[in-house]
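Beneath this line is the structure, given in structure tokens, with notes to follow.
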Amino acid sequence: MKKFILISVALMLAGGEVRAAEKVFFCTDQNASGLVWEKNGTVKALGFTNQRFTFKVLSAKKRLIKFANAQSTWEFNCRLTDARTVSCIDKFAGAKLFNFDGLKYTYSSVYGPPVGGDPSIHVSYGTCTKF
């Protein structure tokens with residue numbers, strides 16, 4: 001009887017891991033561009049390198065997003081904006097916005113002052129697949 005209970009519990013736990021894995025997605029930009037503020041104050045439009053990221057659905061209102069080139073994971077607050085679209089904004093600074101429509105997305109990021117080096121405005125779109 002103990003063996004049966006242990007096997008049953010192990011199968012239930014394994015099933016839970018499979019269900020959790022169904023809520024993890026791998027996403028890739030199809031196109032990315034934006035503006036770079038030069039040190040002299042001029043603006044330069046550029047095509048950016050396409051990004052890859054994973055996102056995990058924690059709940060209807062929470063997502064975790066990990067960019068492939070970043071060490072940290074970003075937490076996003078989300079809401080359903082219409083019958084098909086989920087909009088998510090980063091919890092930390094409110095500078096990153098995702099709109100997910102099924103397995104397609106748009107992404108925008110506005111960060112930093114309009115001076116010096118870093119891309120201050122970034123827009124992209126892409127597709128996701130389930131892990």
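The values are calculated or read from the model by the stated rules, or taken from the named source; none is laboratory data. Bear in mind the structure is a predicted one, so any value in this text is a computation, not a measurement. Virtual Cβ from ideal backbone geometry, glycine too; neighbours counted across all protein chains shown.
Things worth noting here:
- Breaking point among (1) charged (D, E, K, R); (2) closer than 21 Å to I121 by Cα; (3) surrounded by 10 or more Cβ atoms within 10 Å (Cβ to Cβ); (4) modelled with pLDDT under 80, for E22: (2)
- Restricted to region 47-92, and to residues there that are outside any strand (DSSP E or B) and in contact (Cβ under 8 Å) with a residue 60 or more places away in the chain, the residue that is farthest from T127 (Cα to Cα) is F48.
- Single residue of region 30-53 satisfying the filter (among the aliphatic types (A, V, I, L, M) and in contact with a Phe, Trp or Tyr (Cβ under 7 Å, 6 or more places away or on another chain)) that is nearest to A68 (Cα to Cα): A32
- From the options W37, W74, residue that is more than 12 Å from the chain's Cα centre (by Cα) and either hydrophobic (A, V, I, L, M, F, W, C) or surrounded by fewer than 17 Cβ atoms within 10 Å (Cβ to Cβ) (or both): W37
- Pairs, first more than 29 Å from R63 (Cα to Cα) in region 26-46, second acidic (D, E), C-beta under 9 Å, six or more apart: W37/D118; K44/E38
- From V115, V57, residue being among the β-branched types (V, I, T) and either in contact with a His (Cβ under 8 Å, 6 or more places away or on another chain) or modelled with pLDDT under 80 (or both): V115
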